[in-house]
Amino acid sequence: MTRVVLRRLASSVIVMWGAASLIFLIIRLAPGGPALVLLGPDAQPEEVAELTTRLGLDRSLPEQYLAYLWDVSRLDFGDSYRLGQPAMEAVLTRLPASLELAAAAAVIAVCVGLVLGLIAGYRRGGVVDRVTSALTIGLQAFPTFWVGIMLILLFALVLRVLPSSGVGTPAHLVLPAVTLSLPFTAIVARLTRSSLVEEMDEPYATTARAKGLTDRQVLIGHALRNSLTPVLTVVALQLGALIGGAVVVENVFAWPGLGSLIVSAVNNRDYAVVQAATLTIAGIIVLLNLLADLATARLDPRIRLGAA
Amino acid sequence: MKAFVRTALAAVAVVATLSACTTTSGGTDPEGAGSIVVSGTYPIESIDPHSAEGGASGKDLIGQEIFSRLTRPDPQGKIIGDLATDWSADAATTSWTFTLRSGVNFSDGSALTADDVVASFRRLLGGDSPAASNFTGASIESSRPDQVVIKTAKPDAALPSKLVTFFILPKTVAQKDAGFFKAPVGSGPFTVKSFTPGETIVLAANDKYWGGKPKLETVTIRSIPEIAARLTALRTGEVDLVWGVPNDQLADLKADSNLKTEAVATNQVYTMWFNSSVPALKTAAIRNALWKAVDFNTIIKSLYPETGALADAPVAPTVFGYSPQQPKTYDPAAAKAELTAAGFDFGKPLRLQFANPEFRPFNQAVVSDLSKIGVKIDLLEKEQAVFIKDLIALDWDVNFQMLGTAGFDAASNLGRLYTCAAKRNGYCNPQLDELLATAGSTSDEGERKTAYAAASKIIWDDAVGMYPMTVQTAYVWNKRLQGFTLDAGGYPDFAKARVNRS
């Protein structure tokens, strides 16, 4: 197990270096630099040149890259051109809101998705299975933007039981978390169902039944644990996407998370914030993957033993 | 079935519990009596008025609430004194003397003196704010404790109007002073209670404000990017005031008996420059023919019946130097004939660039009209950074912008953007340069107006661009909110606002 951990840690470092390099390059390839955006359409060429120098962006790309890697290795991401504060400070201010929203959406999605998927898989071909299938297709098909607006209109405007946007109380979390969780719920439900169906058809399940176990005993005692392995991996991957990819939901509900910070930073060519935020998310995703791999190894002896 | 009922009841109980701990109403004064929540069209990302951080719009809104200026525009756009009680220029309009209001204190109780004005002006010039380019080569001195003199490098008759973006800070504030802006000290009607960049700023009444302590205890300015959510918050009472409301939303809001609606004339004009430096658009005949091919009147009536009006000048009627011109007549047949006669190449598409999805329907309608006479247009919706880069590089054929006139003086629009040296739209006319130089340098208001009228006529007749629409800003607010200023610049002022508790 120690070797599994060490190998995964080593590959994580390489992934982070790759992510840091890609982010650095991609944002600089985008046309229009920070000086132009900061000074606006009225900028004179000499003013743009002066600000570009002051921001250190007149140096060659390799020179900037080496300085950037050195700074990142010391966890120094520089200052935001736009916000006038350290980039990581801006990211850390927004991170709790993103984690809160992602965690709430994940809890809803996992609880509801698992229950729906298990029932559908266990009662294959039944009414619940068919309803669940239709529901999950619907949940994935409706655009998040539209669902969010509809929920706001219903619960904030018509029923007046929940706030329409913003942060501050647990009630503010309900609509954005539910909106964000819907497509994720569908994924978890469909995956759980198919995984369970597969496991219940495995020879070991047939053997267990031949030994006199009921379907419920086979499910609880054998198939359930095995069917959760792929679900766990997907949940871990999706969590990362929920943290950085909730920009639509953040915009609709004025939720001050990382997604909207990144979009604003990209639009304003705020290199430091883009780099700090995307690397933070990359770090979280790498960490979640690492944990998912370890949990999978713990759940599935084949992986554990195979690795050893 | 029982399980389902139990689950449903539990869900209802959870929602009820959560709704009990919500603060859904700005209308119920979460901060106590006299507090309001407002939401505008842009986030406030920085409150340092002398830096490039955070863009201009958010900072100009917040700047007027927490700092004072030498001059400011009144709600109709006329320049009046703020800290300055009067001002005068020498004959050459290169030396301006401002007399300061006496007895003004900062919110920490210290006196505001000419030294603070001098230090602030130097801080602005030493920073990277785009506003500093209004004062290139200028210097400032304090001749008396209650007087400052600003000397400009070139004659500048519009200096008082340019000073509306110059905010005064205590002289002790350093060029980079993040600590100060965590708890800023100003001499405006409000102080900063809390600030989360890009999200929320809470202002508290400044009891040392020279204009009298505001009646409102707090003003919370929230950023709600999505317009549907912003308007829902207004209708549920979570927000008391929203401005910049799109035309297609106004009918529903007008029907709400709790809300009031008013559209205010601004200093903005929809401006569609032609790039006169490209061969296809070099002649005024071709540019005028293209203008004639678009039925702007119908487009405006369809898309902006309440927040737009057909423009009749390159600058809005609220701006000093406005001079109405003869409207262009929509005549597609004549347009096509004139284009053909002028040798226009119908086979080569023109590139029309714009930067904001808000303007997509308008530009699509323009493209549609031009295509009816066979003019091909590549409609290019660009990201802001790319738009600015291409705009400055003149890498476009037709450029759409909603162009405002800062300080409500044509000097900062016509005088800045239409000279040969500006190289903003490929148009160069020495006669126009001369008129604009005269208008920008004489202190005689009558002479300035005459020069701007002549300049406007040249710009209009030569169709440097198409000027289809003057813009109005729609304000919608909860009826309990009274006395705030509906500003022509889109920056409402809450110094005199109050909440009606009845």
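The values are calculated or read from the model by the stated rules, or taken from the named source; none is laboratory data. Predicted model only: the values in this text are computed from it and were never measured. Virtual Cβ from ideal backbone geometry, glycine too; neighbours counted across all protein chains shown. Calculation scope for accessible area: heavy atoms of the full protein, side chains included, ligands and nucleic acids excluded. Shrake-Rupley method; radii C 1.70, N 1.55, O 1.52, S 1.80 Å.
Just a few scattered comments:
- Residue list for region A:165-179, restricted to those being more than 9 Å from chain B (Cβ to nearest Cβ) and within 16 Å of B:P225 (Cβ to Cβ): A:L175, A:P176, A:T179
- Any hit, region A:112-126, residues being touching an Asp or Glu at 6+ places or on another chain (Cβ under 6 Å) and closer than 30 Å to A:A19 by Cα: no
- Test result for A:V274, touching a Ser or Thr at 6+ places or on another chain (Cβ under 9 Å) and modelled with pLDDT of 90 or more: no
- Residue ranges of helices (runs of 4 or more DSSP H) in region A:234-308 with at least 3 members polar (S, T, N, Q): A:258-267, A:271-299
- Residues satisfying the criterion are absent from region B:426-442 (criterion: under 19 Å from B:R287 (Cβ atoms) and at the interface with another protein chain (Cβ under 9 Å from one of its Cβ atoms)).
- Evaluated against (1) more than 20 Å from A:T280 (Cβ to Cβ); (2) in contact with a strand residue (DSSP E or B) (Cβ under 6 Å, 6 or more places away or on another chain), A:D79 falls short on exactly one condition, (1).
Residues checked against (1) under 20 Å from the mean Cα position of the chain (by Cα); (2) more than 26 Å from B:A439 (Cβ to Cβ); (3) open to solvent by less than 30 Å² (accessible area, probe 1.4 Å):
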{"residue": "B:A455", "(1), (2), (3)": "no, no, yes"}
{"residue": "B:I458", "(1), (2), (3)": "no, no, yes"}
{"residue": "B:T470", "(1), (2), (3)": "yes, no, yes"}
{"residue": "B:T485", "(1), (2), (3)": "yes, yes, no"}
{"residue": "B:R498", "(1), (2), (3)": "no, yes, no"}
{"residue": "B:R501", "(1), (2), (3)": "no, yes, no"}
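- Test: residue in region B:22-45 that is open to solvent by 50 Å² or more (accessible area, probe 1.4 Å), over 18 Å from the mean Cα position of the chain (by Cα), more than 21 Å from B:T220 (Cα to Cα) and at pLDDT below 95: no
- Among residues that are over 28 Å from the mean Cα position of the chain (by Cα) and among the charged types (D, E, K, R), B:K282 is included.
- Some residue of region B:399-411 being in a helix (DSSP H, G or I) and surrounded by fewer than 20 Cβ atoms within 10 Å (Cβ to Cβ): no
- Verdict on B:L234 being at the interface with chain A (Cβ under 10 Å from one of its Cβ atoms), at pLDDT 95 or above, in contact with an Asp or Glu (Cβ under 9 Å, 6 or more places away or on another chain) and at negative phi: yes
- Among the residues of region B:374-392, those identified as within 21 Å of A:L29 (Cα to Cα) and either within 10 Å of chain A (Cβ to nearest Cβ) or open to solvent by less than 30 Å² (accessible area, probe 1.4 Å) (or both) are B:K382, B:E383, B:Q384, B:A385, B:V386, B:F387, B:I388, B:K389, B:D390, B:L391, B:I392.
- In region B:92-111, the residues that are at positive phi form Cβ pairs under 6 Å with partners that are aliphatic (A, V, I, L, M), at six or more places apart or across chains, as follows: B:T93/B:A157.
- Identity of the residue in region A:227-252, polar (S, T, N, Q) and touching a Leu at 6+ places or on another chain (Cβ under 8 Å), that ends up least open to solvent (accessible area, probe 1.4 Å): A:S227
- Within region A:25-35, the set of residues being open to solvent by 20 Å² or more (accessible area, probe 1.4 Å) and not in a loop (DSSP other than H, G, I, E, B) comprises A:L25, A:I26, A:R28, A:L29.
- Hey, B:N275 at pLDDT below 95 and among the polar types (S, T, N, Q) or not: no
- Any hit, region A:220-232, residues being part of a helix (DSSP H, G or I) and within 14 Å of chain B (Cβ to nearest Cβ): no
- Scanning region B:487-501 for residues that are among the hydrophobic types (A, V, I, L, M, F, W, C) and closer than 18 Å to B:L403 by Cβ gives a single hit, B:A488.
- Selection of region B:69-116 for residues being closer than 28 Å to B:E445 by Cβ and among the charged types (D, E, K, R) yields B:R69, B:R72, B:D74, B:K78, B:D82, B:D86, B:D90, B:R101.
- Region B:200-230, residues that are within 14 Å of chain A (Cβ to nearest Cβ) and either without any contact (Cβ under 8 Å) to a residue 40 or more places away in the chain or surrounded by fewer than 20 Cβ atoms within 10 Å (Cβ to Cβ) (or both): B:T200, B:V202, B:E226, B:I227, B:A228, B:A229
- Looking across region B:235-264 at every residue that is more than 20 Å from the chain's Cα centre (by Cα) and among the small types (G, A, S), the one that is surrounded by the most Cβ atoms within 10 Å (Cβ to Cβ) is identified as B:G237.
- In the set (1) modelled with pLDDT under 85; (2) in a loop (DSSP other than H, G, I, E, B); (3) within 30 Å of A:T52 (Cβ to Cβ), the condition left unmet by B:G58 is number (2).
- Applying the condition of being more than 7 Å from chain B (Cβ to nearest Cβ), of a type outside the set (A, V, I, L, M, F, W, C) and open to solvent by less than 50 Å² (accessible area, probe 1.4 Å) to region A:36-58 and asking which residue is farthest from B:S129 (Cα to Cα) yields A:G56.
- For region B:319-344, the set of residues classified as in contact with a helix residue (DSSP H, G or I) (Cβ under 6 Å, 6 or more places away or on another chain), assigned to a loop (DSSP other than H, G, I, E, B) and open to solvent by 30 Å² or more (accessible area, probe 1.4 Å) consists of B:K328, B:D331, B:A342, listed by residue number.
- Among the residues of region B:353-410, those identified as of a type in the set (V, I, T) and within 23 Å of B:Y304 (Cβ to Cβ) are B:V366, B:V367, B:I377, B:V398, B:T405.
- For region B:425-448, filtered to residues that are in contact with a Leu (Cβ under 8 Å, 6 or more places away or on another chain) and open to solvent by less than 20 Å² (accessible area, probe 1.4 Å), the residue that is nearest to B:Q268 (Cα to Cα) is B:N425.
- Restricting attention to region A:180-201 and to residues that are of a type in the set (A, V, I, L, M) and more than 25 Å from A:I243 (Cβ to Cβ), the residue that is nearest to the other protein chains (Cβ to nearest Cβ) turns out to be A:L196.
- Here the condition is being outside any strand (DSSP E or B), closer than 27 Å to B:K282 by Cβ and open to solvent by 30 Å² or more (accessible area, probe 1.4 Å); of B:A421, B:A451, B:A463, it holds for B:A421 alone.
- Of all residues in region B:349-373, those that are within 14 Å of another protein chain (Cβ to nearest Cβ), surrounded by fewer than 20 Cβ atoms within 10 Å (Cβ to Cβ) and among the hydrophobic types (A, V, I, L, M, F, W, C) total 0.
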